[in-house]
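What follows is a short report on a single structure.
The values are calculated or read from the model by the stated rules, or taken from the named source; none is laboratory data. All values derive from a computational prediction rather than experimental measurement. Virtual Cβ from ideal backbone geometry, glycine too; neighbours counted across all protein chains shown. With ligands, DNA and RNA removed, areas are computed over all heavy atoms of the protein, side chains included. Shrake-Rupley method; radii C 1.70, N 1.55, O 1.52, S 1.80 Å.
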Amino acid sequence: MPFSRYLPRNLTKAMVALLLAASSSFAMAQERRDLVVGVADLPATLEPGKELSNVGTRVNYSIFDTLIRRDFLSAEGGGGSALVPSLAASWTRLDDVTLEIKLRDDVTFHNGAPLTAEDVVFTFSPERLSGEDALLPEGPAYFSVLKEVKAIDDTTVHFVTKAPDPLLEQRLASWASWIVNKQDWLEKAETDGGVPMFPVGTGPYMLDSYKADESIRLVANDDYFGGTPTAASVTFREVPEPSTRVAGLVSGEFDIITNVAPDQIGQINSYDDIETRSVVLANSHVLVYTVTDPALSDVRVRQAMNLAIDRQLLNEALWGGQAVVPNGHQYPEFGEMYNPDHVGLEYDPERAKALLEEAGYNGELIRYTTQPYYYLNALPAAQAIVEMWKAVGLNVELNVVESFSGVDFKTLQVRTWSNSTRYPDPVGGLWNLWGPFGGPQRTNESWIGTENLARFNELGAVLESTVDLKTRQDAAWEMLEIWKDDAPGTILYQPLETYGVAKDVNWQPYTFYYMDLRPYNLSFAGN
């Protein structure tokens, strides 16, 4: 029997159309699948400029949009770097320091408010993101280059930089650049201690429930400008134990699981209805050394630690040879900014022993602190590295903690971390993460005291403020040498990121931690 049979006769045509549309949307939601993702950890907040982490961006990528979007599907394997419109309908360079953004006029936030230029201006404001004392401490690492962001009219915004910035479009497509609703943000900030935990975005999914350390459930935003979401909801379930995630995938409890260990790949692929999908991430697992610690203050000790690590052995033993040991803190995707002649990560235990002797190292205790599950293979890698360090004469103790939350990093002699390539350029990795705006990690602070740090910071400022290729190359490549010689830390490898996926889920993982569930990258067999 037709739906119209039940409508009161006094309804206007507009009301009838509205009810029919609502009925259609309800039916569509009923037919769509509820996607469940098993993850190792969940973010503590959904403020997209604060939770800049692998676990945070995985969730936030579905809630928020950037002005410009990096199209990872523009190259085979989910590693493309082409820039395409998102909230911005178009963008134009007006001069060396001014970028004009024209906004789409059909975008609404999850609270129903229309997207305006004022929301964009607020998102990048000095108070929230770009100023030296921004409420979001990692913001300046990405947007301290901004001099001004101003609304020209409701749909036009000008980004003005302090100096010519060759990467401004890339910045607007990357971390910390997700757009928030100004009024909602300010209202929630009053009750959330200055920074809201759950601001609203414009993305394909919106927050339905948040249960700390348990789950985050998102529901479809059927008004999404990028098309109707293909899942009715997406639930991220926290399951720290890898084998438990695999069991959930096998049983059908999960449609996708993250952080599959290499030794679990064969098991998953042996089933008829599930499989693994892998990418090598544009990310490196790293160690950070606090150079002001008495046991680590002599650069020769830190250099010896780096020379004692057999990274290829770690790759073979932990990753089945499928991870990548890069050429220092750089990646080929940097293009002309990549230095193939740089000698980055070396293994030379005999040289390590000699350096320790030269330094007069006398068995001072060095504590290596790691979490067991946050980074895949972090604990077995730590156990192996401790033995490698002991083999050259270092006195090392492994310290395993469940969380780094609330820890003052300057009190940790050695700790695990990871460095993602925010954009395909040294500014997006080495400078962004080890420069003076390193956010709550404050890696630069763990490096204080070396005579080369000031030079590193000086070169970084040049790197991000000129468009001349040769000048940028010279600056970046000298920074590579300083980072290697000062040894405030080291890269281990670029990990293999493997997901377990139900075969009827059509979804491509990316070479970044984003989990893209927009309609162009998520569908289900039979739908």
Handout entry: Val250 being open to solvent by 40 Å² or more (accessible area, probe 1.4 Å), closer than 29 Å to Lys410 by Cβ and not polar (S, T, N, Q)
Key = no
Practice task
Just one of (1) modelled with pLDDT under 95; (2) in contact with a helix residue (DSSP H, G or I) (Cβ under 7 Å, 6 or more places away or on another chain); (3) open to solvent by 10 Å² or more (accessible area, probe 1.4 Å) trips up Leu463, so point out which.
Solution key: (3)
Completion exercise
Only one of (1) in contact with an Asp or Glu (Cβ under 9 Å, 6 or more places away or on another chain); (2) outside any strand (DSSP E or B); (3) touching a residue at least 24 places away in the same chain (Cβ under 8 Å); (4) among the hydrophobic types (A, V, I, L, M, F, W, C) does not apply to Leu459, and that is (3)
Exercise for the section: Would you be able to tell me the number of residues in the range 90-147 that are assigned to a helix (DSSP H, G or I) and of a type in the set (A, V, I, L, M)? Expected result: 5
Handout entry: In the range 311-327, residue least open to solvent (accessible area, probe 1.4 Å) [restricted to those that are out of contact with any strand residue (DSSP E or B) (no Cβ under 7 Å at 6 or more places or on another chain) and under 15 Å from Gly344 (Cβ atoms)]
Key = Asn327
Handout entry: Tabulated pairs, the range 311-336, first over 20 Å from Gln383 (Cα atoms), second of a type in the set (Phe, Trp, Tyr) and open to solvent by less than 30 Å² (accessible area, probe 1.4 Å), C-beta under 6 angstrom, 6+ apart or interchain
Key = His329/Trp483
Fill in the blank from the handout: Flagged in the range 503-514 as more than 20 Å from Arg422 (Cα to Cα), open to solvent by 10 Å² or more (accessible area, probe 1.4 Å) and in contact (Cβ under 8 Å) with a residue 24 or more places away in the chain, in numbering order, are Lys503, Asp504, Trp507
Problem - Total residues in the range 267-310, condition in a helix (DSSP H, G or I) and either closer than 28 Å to Gly449 by Cα or open to solvent by less than 60 Å² (accessible area, probe 1.4 Å) (or both) - result: 10
Handout entry: the range 172-209 - residue that is in contact with a strand residue (DSSP E or B) (Cβ under 9 Å, 6 or more places away or on another chain) and within 30 Å of Ser465 (Cα to Cα) and, of those, modelled with the lowest pLDDT
Key = Trp175
Handout entry: Conditions (1) in contact with a helix residue (DSSP H, G or I) (Cβ under 6 Å, 6 or more places away or on another chain); (2) modelled with pLDDT under 95; (3) surrounded by fewer than 18 Cβ atoms within 10 Å (Cβ to Cβ): number failed by Asp263
Key = (1)
Exercise for the section: Using the structure shown, decide if Asp213 is surrounded by 21 or more Cβ atoms within 10 Å (Cβ to Cβ), part of a loop (DSSP other than H, G, I, E, B), touching an Asp or Glu at 6+ places or on another chain (Cβ under 7 Å) and among the acidic types (Asp, Glu). Expected result: no
Handout entry: From Tyr331, Tyr347, residue being among the hydroxyl-bearing types (Ser, Thr, Tyr) and surrounded by fewer than 20 Cβ atoms within 10 Å (Cβ to Cβ)
Key = Tyr347
